[in-house]
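Inspection log for the structure reproduced underneath, given as structure tokens.
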Ligand SMILES: [Zn+2]
């Protein structure tokens, strides 16, 4: 079974692009091309996103503490932080596009 298969109708309803934009379990998701059921990236993606966020935060703290000691780190502090913040959005989206299965959106407050 492909990761782009819709969990509702069983047809290939997503592309890497729509899957990347579907978000994780707490987002409203993207509708399946075939049946229109809103789907999101499932547990695996949600767990990965959470772990990745923690790694980025830990790295930022580490970098901040060490950049006080080394000038060559301090010079790069702002661009590195901007890149890390940007990667919080880009990396999970790229990973979602190519890994993990889809699940039906469990949020009922969107139509
Ligand atoms: Zn479907």
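Hey, among 49, 34, which residue is closer than 22 Å to residue 106 by Cα and in a loop (DSSP other than H, G, I, E, B)?
Just a single option satisfies the conditions, and that option is 34.
Test of understanding: among 72, 59, which residue is modelled with pLDDT under 90 and assigned to a helix (DSSP H, G or I)?
72
Name every residue in region 16-31 that is outside any helix (DSSP H, G or I) and away from the ligand (no atom under 13 Å from the Cβ), in order of residue number.
If the condition is that a residue be outside any helix (DSSP H, G or I) and away from the ligand (no atom under 13 Å from the Cβ), then 23, 24, 25, 26, 27, 28 are the ones that fit.
Mind listing whichever residues of region 1-15 are out of contact with any helix residue (DSSP H, G or I) (no Cβ under 8 Å at 6 or more places or on another chain) and more than 7 Å from the ligand (Cβ to nearest atom)?
1, 2, 5, 7, 10, 12, 14, 15
State yes or no: is residue 16 at pLDDT 95 or above and touching a strand residue (DSSP E or B) at 6+ places or on another chain (Cβ under 6 Å)?
When the stated conditions are applied, residue 16 does not pass them.
I'm trying to understand the selection: among the residues of region 32-42, which are at negative phi and within 11 Å of the ligand (Cβ to nearest atom)?
Of everything in region 32-42, those that are at negative phi and within 11 Å of the ligand (Cβ to nearest atom) turn out to be 32, 33, 34, 35, 37, 38, 39.
Just wondering, is there one or more residues in region 2-25 that are within 14 Å of the chain's Cα centre (by Cα) and surrounded by fewer than 12 Cβ atoms within 10 Å (Cβ to Cβ)?
Yes, region 2-25 contains at least one residue that is within 14 Å of the chain's Cα centre (by Cα) and surrounded by fewer than 12 Cβ atoms within 10 Å (Cβ to Cβ).
Can you tell me which residues in region 1-13 are under 12 Å from residue 103 (Cβ atoms) and in a loop (DSSP other than H, G, I, E, B)?
Residues satisfying the conditions are 3, 6, 7, 8.
Taking region 39-54 only, how many residues are surrounded by 13 or more Cβ atoms within 10 Å (Cβ to Cβ) and either in contact with a helix residue (DSSP H, G or I) (Cβ under 7 Å, 6 or more places away or on another chain) or at pLDDT below 95 (or both)?
Residues that pass the stated criteria total 10.
The values are calculated or read from the model by the stated rules, or taken from the named source; none is laboratory data. Note that the coordinates shown come from a computational prediction; the quantities given were computed from them, not determined experimentally. Methodologically, a virtual Cβ is constructed for each residue, glycine included, from the backbone with ideal geometry; neighbour enumeration extends over all protein chains shown.
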